[in-house]
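These notes are about the structure you will find just below.
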Amino acid sequence: MQTMPPALEVNDLTVAYRDKPVLWDVDLQVPTGVLMAVVGPNGAGKTTLIKAVMGLMQPAAGSVQVFGEPAGRQQVRRIGYVPQRTSVDWDFPTSVRDVVAMGRYNRGGLWRRADRRDAERVARALATVDMEDLADRQISELSGGQQQRVFLARALVQDSDLYLMDEPFQGVDAVTEQSMVAVLRRLQEQGRTVLAVHHDLRTAPAYFDWVALLNVRLIASGPMATAFSECNLRETFGGSAPEWTTPPATTAA
Amino acid sequence: MSSLEFEILATAMTVSAACAVPGAYLVLRQMSMVADAISHTVLLGIVLAFLVVPLYGHPLMVFGASMMGVVTVLGIDLLKRTGLVREDAAIGITFPALFSLGVLLISLLTRDAHLDEHMVFQGDLVYSVFQRLELAGRGYGPMTLWKMAGIFLLNGALALRFHRELKIATFDPVLAATLGISPSLVHFGLVLMTSVTAVGAFDSVGSILVIGFMVVPPVTARLLTDSLARYLGLSLLLGCASALGGFWIARTVNGSVGGSISLVMGAMFVVVLLASPRRGLVADWHRRRRQRVEFAVRMLVIHLFQHRALGQRTEENHAGHLEAHLGWSAEFSRRITELAEARGLIRRVDTHWLGLTSVGERQAEQALAG
């Protein structure tokens with residue numbers, strides 16, 4: 001049997017801002033079909049890791065492979081990227097539906113006009129994230145959680161094999177968070193891979209089945225049950241105990 | 001209207017249309033001040049290009065002069081990237097220096113050429129139509145009109161062809177990059193379009209009116225619509241309408257055409273700022289007032305609900321004590337009480353004491369439940 005290449009493989013990745021390292025020699029493997037949380041304190045380089053994989057930041061050293069091939073322009077197109085919602089101008093004159101449709105723009109080249117299949121796909125993605133009622137809303141009228149759901153819908157229509165999400169649950173209420181987790185599960189059932197920066201250590205074991213603990217260097221990575229240990233967490237977050245003062249439940253989903 | 005007047009009007013409207021295309025995107029990308037810088041520094045480009053290709057208005061000369069716009073933006077970006085100077089200051093440093101160099105060169109080198117200093121600031125619509133396009137001995141109208149019509153068509157064609165690239169690179173540069181669109185290519189493409197337009201429009205309207213045409217109609221249009229297509233269309237339309245209105249005023253008072261157009265654009269903006277149906281200040285003021293009243297009614301209902309356990313007649317539900325307890329004026333208390341009563345939310349237990357109706361109670365419960 002042929003072994004499947006990992007969805008993402010990062011080797012010796014070092015990213016620096018001038019002479020200050022943001023990521024120090026990170027080796028990370030993300031097997032195909034897992035939901036992996038990237039966890040770490042502020043300034044741990046979580047966003048940088050994602051940006052370096054996307055080719056948005058120039059690494060000082062190291063290599064990135066996506067599905068067994070060097071990450072170049074072609075491979076990057078197989079990735080669906082969900083940025084932090086503050087990264088765009090929400091006052092831009094456009095509708096929710098139109099923002100989601102942007103995720104389809106790379107289908108068959110930029111010359112191609114949007115067709116009925118695109119429209120259906122966009123409508124379905126909006127329904128998946130419970131936003132169909134707001135499809136024609138001007139985007140500046142959305143709440144933070146709704147903005148986050150628009151980004152998720154946009155990633156869904158990209159039909160990517162690998163999703164990189166930068167704090168997808170930021171500013172989302174508890175009910176929405178549950179429905180977004182259900183969307184991630186469905187992606188996993190379809191054989192897709194998700195790597196998401198996640199801040200809440202209490203919910204991480206319930207939402208994700210794999211974890212990468214990052215603090216400039218990679219502390220540990222692997223299945224939740226083994227890697228998400230108190231010892232590793234203490235090493236990641238240092239002496240200052242964060243929310244995990246009660247030992248985190250290690251019941252992987 | 002004489003044919004000369006018609007030509008002046010047509011030129012003004014064409015310039016406004018050509019400027020609206022890059023202007024609409026500059027405004028969306030928060031680059032209005034870059035339009036300001038470019039429209040000034042292209043003067044240096046014009047002077048330098050004129051020294052190399054001494055044919056004013058020649059396409060080669062226009063393109064060469066436009067490179068100065070790109071140089072300006074590169075200079076601003078470099079300064080910004082040092083981390084020592086912020087963007088607004090970088091703009092303020094870059095363009096006066098390059099612009100002054102242009103002015104100085106004009107006064108030193110080209111005393112008798114088609115460039116002179118007074119044209120620099122405001123151009124001259126009336127003068128510009130005297131340069132005629134002649135081919136094989138036949139006249140085809142003012143050169144500027146043809147030049148600007150060409151630039152408008154070019155801008156329009158590019159904007160239509162690349163509308164997705166422009167939209168995505170403006171809204172979400174990161175997504176653009178992942179889709180294979182280079183955000184910096186879009187950025188400099190737009191800068192070059194702005195420069196070509198500014199160079200082309202320089203002799204007819206000068207730098208100030210170019211900024212006006214690029215910035216004011218789009219900003220005004222943005223107050224009127226939330227749809228990108230309508231925003232772009234309105235930017236064009238409002239620019240042309242200002243040119244028309246300004247021309248008419250100048251003709252009536254026998255004054256400066258460029259000045260009148262600028263003034264009309266400013267006035268149009270102020271009117272829309274005040275009266276725009278959804279975003280205007282008047283609509284906003286009305287909305288706030290209505291919200292204040294609506295909120296006060298809810299507050300009264302909840303106040304009565306929270307204190308209903310104290311019995312029917314306490315200080316809390318005494319009509320005359322609302323002023324003290326809710327911080328309202330006597331007049332406002334009376335209005336809100338009457339409104340809530342008219343809506344069947346509250347009732348008078350007797351002349352002085354207020355109570356909730358069952359409808360009011362339900363509403364309070366719902367409001368408190370969140």
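Bear in mind these aren't lab numbers, they're just calculated from the coordinates by the rules spelled out. In this text, all values refer to a predicted model and were calculated from it rather than measured experimentally. Cβ placement follows ideal geometry from the backbone for every residue including glycine, while neighbour counts extend to all protein chains displayed.
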Taking the beta-carbon count within 10 Å as an exposure proxy, list B:178, B:41 from fewest neighbours to most. B:178, B:41
Give me a comma-separated list of calculated 3J(HN,Hα) values for the stretch A:84-89, in order, Karplus coefficients 6.51, -1.76, 1.60 applied at θ = phi - 60°, integers in Hz, x for any Gly or Pro. 4, 5, 6, 7, 10, 8
Coarse-grained scattering of chain A at q = 0.12, 0.17 Å⁻¹, given as base-10 log I(q)/I(0) from a Debye sum over alpha-carbon atoms: -0.71, -1.37
Angle check, please: helix B:183-224 long axis (alpha carbons) against the longest principal axis of chain B (alpha carbons), in degrees 0 to 90, nearest 10. 70
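By counting other Cβ atoms within 10 Å of each Cβ, how are A:217, B:278, B:29 ranked from fewest to most?
On the way: A:217 16, B:278 12, B:29 19.
Fewest to most other Cβ atoms nearby, the residues stand as B:278, A:217, B:29.
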Rounded to the nearest 20 Debye, what is the dipole magnitude of the protein assembly as shown about its Cα centre when Lys and Arg each give +1 and Asp and Glu each give -1 at the C-beta? 980
Quarter of Cα convex hull surface for the stretch B:282-369, i.e. mean projection, nm²: 6.0
Among the helices of chain A (complete DSSP H runs), which have Cα atoms covering no less than 15 Å along the helix axis and a Kyte-Doolittle mean of at least -1.0? A:116-128, A:144-157, A:174-189
Could you tally the net charge around residue A:162, taking each other residue with its Cβ under 9 Å from the Cβ of residue A:162, Lys/Arg +1 and Asp/Glu -1? +1
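Looking only at the stretch A:84-218, where both bridge partners belong to it, what percent of the DSSP beta bridges are antiparallel (to the nearest 5)? Write down the numbers at each step before the final one.
Working: 3 of 8 bridges.
Rounded to the nearest five, the antiparallel share is 40 percent.
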Before rounding to the nearest 500, sum -39500 (n - 2.57) across all DSSP H runs of length at least 4 in chain A and divide by the residue total; then give [θ] at 222 nm in deg cm²/dmol. -8500 deg cm²/dmol
On a 0 to 90° scale, report how tilted helix B:32-52 is relative to the longest principal axis of chain B, with both axes built from alpha carbons and the result rounded to the nearest 10. 0
If you line up the long axis of helix B:257-275 against the longest principal axis of chain B, both from Cα atoms, how many degrees apart are they, to the nearest 10? 20
Give the Kirkwood hydrodynamic radius (Å, one decimal) of the stretch B:3-237, defined as one over the mean of 1/r across all pairs of different Cα atoms. 18.1
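Can you put B:100, B:207, B:262 in order, fewest other beta carbons within 10 Å first?
Values: B:100 14, B:207 25, B:262 21.
Listed from fewest to most nearby Cβ atoms, that is B:100, B:262, B:207.
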Given the protein assembly as shown, what percent of its DSSP beta bridges are antiparallel, to the nearest 5? 60
